[in-house]
Amino acid sequence: MKREKFKVKSSNFNDWNEIFKNPERISVKSFITGYVKINKRGTLNPKHPNAGNIEDESLNVPILVHWIHHHKFGDYLVDAGLDSSYYQNPHGEMKGLFAGLFKKLGLGDTYFQEKNQDIAYHIKKNSIKLNGVFLSHLHSDHMTGARDLPKNIPYVVGMGEKYFEHKPLFYGDYLKGIEVLYEIDFLNAPNMPILGPCADIFGDGSFWAIKTPGHTRGHISFLINCIDGPVLLTTDACFIRLGFEKGIASSSYTDDVEMAQASLNNLVEFKRVYPQVKVCPGHEL
Ligand SMILES: [Zn+2]
């Protein structure tokens, strides 16, 4: 898989108030493609000064995909969720010399999926004509669905986002068949108030990728400027609503806790200054 730069369009906008006054006919609908168990301790960093006592409690949270429909540019996804291999098999389709052993020992990622929850089902049911997929980051719960999606469309991540496959021992071939992975280079993107570097994907202020590193190095969040109000998809810059309300980022599964906290601080400040923004955390509807 080659990596190439995603062409960031020049934007006419540099002021959020101006952007929110000029919404586009763009919509966002979220799908649940399965569930994953996470621990509340770590979903919220227990060492954060405002953490108080965060219980050691297992949370069953949805694995989300967001369908973006633009009246002119068509259908896109934010994240790919789970493919159908997780229905009745919490390990999904894993390959490699140690795949069997890993399953037996209960290692690796385990997800839960009901019938007709996989991403291909949602695509078909909604007659989505997919033009591209934006992946917030390359953790398996956000990308295994790519195995069931068309490959002749652009797949886009943040610059420097790492892709791990432990070949030949244990791997999922999640992005197999994708020839080029496009990377958003935020160096060329406008530096927007509060949020910093943001890429105006369609160049009309309707769909923005926001640089929110920390959970992973190239992690991105998204803003959709809908007619009935802007929607912020934090993706895994914040897993659950409580994290956003308390302003506490994750420490579990997170590459750089300090950087993740700084990214979440920006998103929280953004919501404070623009209260009309609806917030959708990474793993809560
Ligand atoms: Zn996640």
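Within segment 144-163, whose backbone N sits under 14 Å from a point 7 Å along Cα→Cβ of K124?
148-150, by backbone N distance to the label point.
Can you tell me the order of 66-73, 132-139 when each peptide is scored by its average per-residue count of other Cβ atoms within 10 angstrom, highest first?
Working: 66-73: 17.5, 132-139: 23.6.
By packing density, highest mean first, the sequence is 132-139, 66-73.
Specify, per residue and in Å³, the volume enclosed by the convex hull of the alpha carbon atoms belonging to the chain.
Roughly 121 Å³ of hull volume per residue.
Would you please put 206-215, 148-157, 48-57 in order of how densely packed they are, using the mean number of other Cβ atoms within 10 angstrom per residue and starting with the highest?
Numbers: 206-215: 24.9, 148-157: 17.4, 48-57: 11.3.
The peptides rank, most packed first, as 206-215, 148-157, 48-57.
Loop-only chymotrypsin sites (Phe, Trp or Tyr not before Pro) in segment 227-278, please: DSSP not H, G, I, E or B, and at most 16 other Cβ atoms within 10 Å.
On the way: sites: F239, F244, Y253, F270; in loops: F239, Y253.
When the chymotrypsin sites (Phe, Trp or Tyr not before Pro) of segment 227-278 are filtered for loop state and at most 16 Cβ neighbours within 10 Å, Y253 remain.
Let me have the relative contact order for segment 181-259, percent, based on Cα pairs under 8 Å that are six or more residues apart.
Reported as a whole number, the value is 20 percent.
Ranked from the most accessible area to the least, with a 1.4 Å probe and all protein chains present, what is the order of E183, E114? Before the final figure, lay out each step's value.
Values: E183 20, E114 110 Å².
Putting E183, E114 in descending order of accessible area: E114, E183.
Kindly report the accessible area of the chain per residue (heavy atoms of protein chains, probe 1.4 Å, no ligands, DNA or RNA), in Å².
46
Report, in whole Å, the centroid distance computed from the Cα atoms of segment 14-55 and segment 121-150.
Here the two parts' Cα centres lie 20 Å apart.
When only C-alpha pairs under 8 Å and at least 6 residues apart count, what is the relative contact order of segment 13-149, in percent?
28
Using a 1.4 angstrom probe on heavy atoms only, work out the carbon and sulfur share of the accessible area of segment 2-281 in %.
51
Once every DSSP H run of n ≥ 4 in the chain is given -39500 (n - 2.57) and the sum is divided by its residues, what mean residue ellipticity at 222 nm do you get, rounded to the nearest 500 deg cm²/dmol?
-4500 deg cm²/dmol
Please work out the Kirkwood hydrodynamic radius for segment 70-161, using every pair of different C-alpha atoms, and report it in angstroms with one decimal place.
14.3
Please report the relative contact order for the chain, taking Cα pairs under 8 Å with a sequence separation of at least 6, and give it as a percent rounded to a whole number.
That works out to 22 percent.
The values are calculated or read from the model by the stated rules, or taken from the named source; none is laboratory data. For clarity, every value in this text was computed on a predicted model and none was experimentally measured. Reconstructed Cβ throughout: ideal geometry from the backbone, glycine too, with neighbour counts over all protein chains shown. When the accessible area is computed, the model is the full protein with side chains, heavy atoms only, and any ligands, DNA or RNA have been set aside. Shrake-Rupley method; radii C 1.70, N 1.55, O 1.52, S 1.80 Å.
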